[in-house]
1. Just the residues that are under 12 Å from the mean Cα position of the chain (by Cα) and not hydrophobic (A, V, I, L, M, F, W, C), please, taken from the stretch 9-31.
2. Could you name every one of the strands (runs of 3 or more DSSP E) located completely within the stretch 20-130 that has at least 1 residues being without any contact (Cβ under 8 Å) to a residue 24 or more places away in the chain?
3. Suppose we filter Arg48, Arg79 for residues that are under 30 Å from Gly31 (Cα atoms), under 17 Å from the mean Cα position of the chain (by Cα) and either of a type in the set (Ser, Thr, Tyr) or modelled with pLDDT of 90 or more (or both); which single one remains?
4. Out of everything in the stretch 80-114 that is crowded, with 17+ Cβ neighbours inside 10 Å and of a type in the set (Val, Ile, Thr), what residue ends up being nearest to Glu23 (Cα to Cα)?
Amino acid sequence: MPKPDRALVQSVANAIWDKKGFEVVAYDVSGVLDYTDAMVICSAGSDRHAAAVAENVLDELRTKQGLKPAGEEGVRSGRWALLDFTDVVVHVFHRPVRDYYELDRLYADCPRVEIDEPEWVHDFEPSDFASADDYEFDDASWNEDDEDEGDEDEGDEDYDAGDGDDADDSDDSDDWASADDWGDEASDPSQDEADRHP
């Protein structure tokens, strides 16, 4: 069976880290899935941060790797962005959403794809960011109508996570999503993914 393209996975991880995405894990799923060889999952500190990370991965693979995604979902909302590049599928989560769905548990028994981490990752403290324990919501609350969602998305397009030099200084509570921000776009991309690859 084909093994994951480690160079491609490394490029994805580097693009995530360029925008200060964190908790990056790359799974070798070639033995359990027939539509991709690698699954990369990462976290972001807010919806806007997740959108910026996902956009950077798309830009990196399009411009430098010449790869066009077979599919992409959730990039605009940023809660859970799914990028399908066939040989590697990327999931970018706002961290509480990652905790809530526990997608990592599906691939916990799969081997990891080795990736070289930048130095700052070793000193990074994910505990500084929100987790599912900080929210009281369920699937139903994420499907409530949000009349202001369109306006929020419009502002999200201008978000830039920066180059990381001042990333630790941006501790504005207004940047964090609340349960009220979950709208009807918060579908489950894993189900859509399964529909695309029966």
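The values are calculated or read from the model by the stated rules, or taken from the named source; none is laboratory data. Only a predicted model underlies this, so the values are computations on that prediction, with no experimental measurement involved. Please note: Cβ atoms are built from the backbone with ideal geometry, for glycine as well, and neighbour counts cover all protein chains shown.
1. Lys19, Lys20, Gly21, Glu23
2. Details: elements: 22-28, 38-44, 71-73, 80-84, 88-94.
In the stretch 20-130, the matching strands (runs of 3 or more DSSP E) lie at 71-73.
3. Details: Arg48 fails: under 30 Å from Gly31 (Cα atoms).
Among Arg48, Arg79, only Arg79 is under 30 Å from Gly31 (Cα atoms), under 17 Å from the mean Cα position of the chain (by Cα) and either of a type in the set (Ser, Thr, Tyr) or modelled with pLDDT of 90 or more (or both).
4. So, considering only residues that are crowded, with 17+ Cβ neighbours inside 10 Å and of a type in the set (Val, Ile, Thr), the one nearest to Glu23 (Cα to Cα) is Val92.
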